[in-house]
1. Is the range B:76-97 home to any residue that is more than 13 Å from the chain's Cα centre (by Cα), more than 21 Å from B:Ser205 (Cα to Cα) and either of a type in the set (Val, Ile, Thr) or modelled with pLDDT of 95 or more (or both)?
2. Inspect all residues belonging to the range A:306-313 and state whether any of them is within 19 Å of the chain's Cα centre (by Cα), assigned by TED's automatic domain parsing to the domain that holds A:Ala90 and surrounded by 13 or more Cβ atoms within 10 Å (Cβ to Cβ).
3. Can you tell me which residue among A:Leu336, A:Leu257, A:Leu268, A:Leu325 is at negative phi, of a type outside the set (Val, Ile, Thr) and within 14 Å of chain B (Cβ to nearest Cβ)?
4. Just to be sure before I move on: is B:Gly25 of a type outside the set (Val, Ile, Thr), on the phi > 0 side of the Ramachandran plot and away from chain A (no Cβ under 14 Å) in the structure I sent?
5. Mind telling me which of the residues A:Ser228, A:Ser214 ends up being among the polar types (S, T, N, Q) and either closer than 25 Å to A:Glu136 by Cα or within 14 Å of chain B (Cβ to nearest Cβ) (or both)?
6. Count, please, the residues in the range A:340-392 that happen to be assigned to a loop (DSSP other than H, G, I, E, B) and surrounded by fewer than 13 Cβ atoms within 10 Å (Cβ to Cβ).
7. Please indicate, with yes or no, whether at least one residue in the range A:311-323 is touching a residue at least 24 places away in the same chain (Cβ under 8 Å), out of contact with any Gly (no Cβ under 9 Å at 6 or more places or on another chain), of a type outside the set (Gly, Ala, Ser) and in a loop (DSSP other than H, G, I, E, B).
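The values are calculated or read from the model by the stated rules, or taken from the named source; none is laboratory data. On a predicted model such as this, the values are computed, not experimentally measured, just so you know. Don't worry about glycine lacking a Cβ; one is built from the backbone with ideal geometry, like all the others, and counts go over all protein chains shown.
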Amino acid sequence: MLKSTMIERQLPHGVADLYFEEAARKAQVEARLQEVFGQWSYSQVIPPTFEYYEALAAEASPQVREEIYRFPDRDGRMLALRADPTIPIARLVSTKLYDRPLPLRLFYIANVFRHEEPKASLRREFTQAGIELIGEGTPQADAEVIALAVTALRAVGLREFRLRLGAMDILRALLEPLALSETQSEPVKSALERKNEAALNDVLRQLSLPRQASRALLTLPLLAGDASILERAIKAFADNQEACAALERLRELCRVLDALGVSDAVSLDLGMVRGMAYYTGIVFEGFTRGIGFAIMSGGRYNNLLAHFGRDLPACGFAMGVERVLTALELQGNNVLSLAPEIVAELDSSPTLAQRVQAARAKGKRVEWSLRSSTREELIAFARQRGAREIWFADGSAQELA
Amino acid sequence: MNPLTIALPKGRLLSPALDLLESLGCDVHALRGASRRLIFDDAAHGTRLLLLKPFDVVTFVEHGAADLGIVGQDVLLETDSDVFEPLTLPFGFCRIVLAARRERAQTDWRRAASLRIASKYPRITRRFFVERGWSAEIIPLHGSVEIAPALGLSDLLVDIVDTGRTLKENGLIELETICTSQAALIVNRASHALKFQEIQSLLLSLREQMEK
C-alpha cells in the first residue's frame, strides 16, 4: 500500500500531465485538424464526457465494452465515460439532427477513456479526432471520407503514411451463403485476421465447404496491393453476385480516389477482417513510419444509427492524436518553441507598454520581466528564457546572439 | 528499396532460421560466431538482423521495432499478440504437453480439488484448463520446469517436448498433447502496409526456397 501522502503525488496508471511544448504541439495538431475538417464543410460536435452506460455500451464492440469506465450516479443509474465518440454522435443524430438536410458532415476532437493497457502512446485517457459523414451510402461518400483522412494526415505533417482499405461487404458476401455457426466462422476470421494461410487452409478443410467457396476464402489474404487486385478478385469471386456488386462499388470508389488525387496513399487489402461486427462496407486503417500500430481507423457502419431509431447510412474515421504526435516526433517534425521572442522590462513607462501591446498584436511572443533588476541581470534572465531581444524600461533595446 | 529489419530468436530455432536466410543469399556469417553483438546489418541485401530472446521477437515485431520475425508458434500462442503470421516454416517442430511424474500416471487429476501446474506457458496452460472447465493453480516458471513435480512445487507440468527425452530422463510421462508448434514468420501490421513490396518479395522467395 502506498501511503496517502505518496498517493497524492502520483497519477493513476494510464493518464498523463501534458505541459509546455508537448501540450502546445497537441493543441497545434488539433487546431490544424479542425481547420482541415472545416475546409471540407464539416461542423464540430462536442458530445458529453459521460452519459448513460446503456447508451454507450449498446453498440460498442465487446472489447470496447469491457474497457468502458462506468460508475453509479447518485440516483443509482449506471453512467459511463465515453469510450468512442461515434456512439454519442449516432445518438445525437438519431434524436436531434435526423430531419436536417442530409448528408450531415460532423467532426469531433474529444478525449476518450478506456480501461486498457497503454500501447504506443494511447493511454487510458487519449484523444480522438475524427469525422462522420451521415446519410449517404454511395462510393462517393466513402471516397470523401478516405480522401479527408489522407488530407488530414498530410496536413498535420506526417510523411510516409499509408491507408489500408478493405471491404467487409465482400467478406460478408463470401461467408454468409455458407451459413456457418459462430464457433465455425470464428477460426476462419481469426486465421484471415492474422493472414495465416496454413491455419486458414486447415480450418476450411475441417469445415468441408464447397470447393468454390473454400477457394474464394483462401484467395482473400492474397488480394492485397494496388487497384490491379480488383481484376483478380472479380475473377476469383465471379460466381458470387453480392461479392461482385461489392467489388464494383470498390472499383468505383478507387476511380473517385484517383480523381481526388489520394490514390497513391491508399492500398487495398481484401483480407482485412478487423471490426467485422461493426462495419458494413469499406473499412480502413492508417499507418505511418515509426509506429507499429494503426494511427487511424475507420469505415462504413450502416447499422449503428438504426439502433437509436433512425436508419441512416454512415461512414467515418477516428485518428489517435497522441499516436500522431509520437509519429511526428519520431519523424523529426517537432519544431515548436515556446521561448519568448522579446523580454521587456515592466515598469511605469507607458511607451514601452504600448510597444509591447503592438508587438503582441502582430503575433509576437513577448514576456514581461516582473522585477526591477540591473541590466546584466535582465540580460541573463532573457538569455535563460531563450529570448532574442530585450526591451529596457528606459526605451533602449538589445539583441541577443 | 526500404531496408527490412528481421528479428531472430536465440536458442534452438536460430540455426535453422539462419540456414533459411542464408539460402536466400543473406550474409549470416557473423551471427553464427560467438559475437556479442545483437544487431547485424547486411547493407547489400537491405536487411538488418536482430538477435533476441524468443518472447522479445514478438514484442519487437508487434511494436514495429522489427518488421518481421521468426518465432515458434508456442511463443505466439502464449503472447496473444497482434501480428500477421503469413508463413509457417519447416523447422522447430515440437509439442506442448501436459505431463506428470511416472509413478502418478494413473491418478485421475480431474478429481483433485486444487491442481498446481508448473509451466513456462501460463496462458496456454490457463486456456487449456479453462476450456475443460477444470480449475488449476498455475505456477509460472522460466525454465527447468521438469523438476517442479519431483520437488513438490507442482502436481503437473505443461512444457514443450521435442523428442521426449528430457521428460523421460526426469521421470515424467506425457498425459495429453495440448498443441503442436513449429516455426513461423511474423510481420508487423504497419510494416505490411508501409513496406508491402519488400515484404511480398521476401515472402515469395521464402516460399520458393521452401518448395525446393
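1. yes
2. no
3. Every option except A:Leu268 fails the conditions.
4. Taking the combined requirement at face value, the residue satisfies it.
5. Every option except A:Ser228 fails the conditions.
6. Qualifying residue count, the range A:340-392: 7.
7. No: zero hits.
Residue-by-condition table, conditions (1) modelled with pLDDT of 95 or more; (2) within 12 Å of chain A (Cβ to nearest Cβ); (3) within 22 Å of the chain's Cα centre (by Cα):
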{"site": "B:Glu137", "(1), (2), (3)": "no, no, no"}
{"site": "B:Glu174", "(1), (2), (3)": "no, no, yes"}
{"site": "B:Gln182", "(1), (2), (3)": "yes, yes, yes"}
{"site": "B:Val187", "(1), (2), (3)": "yes, yes, yes"}
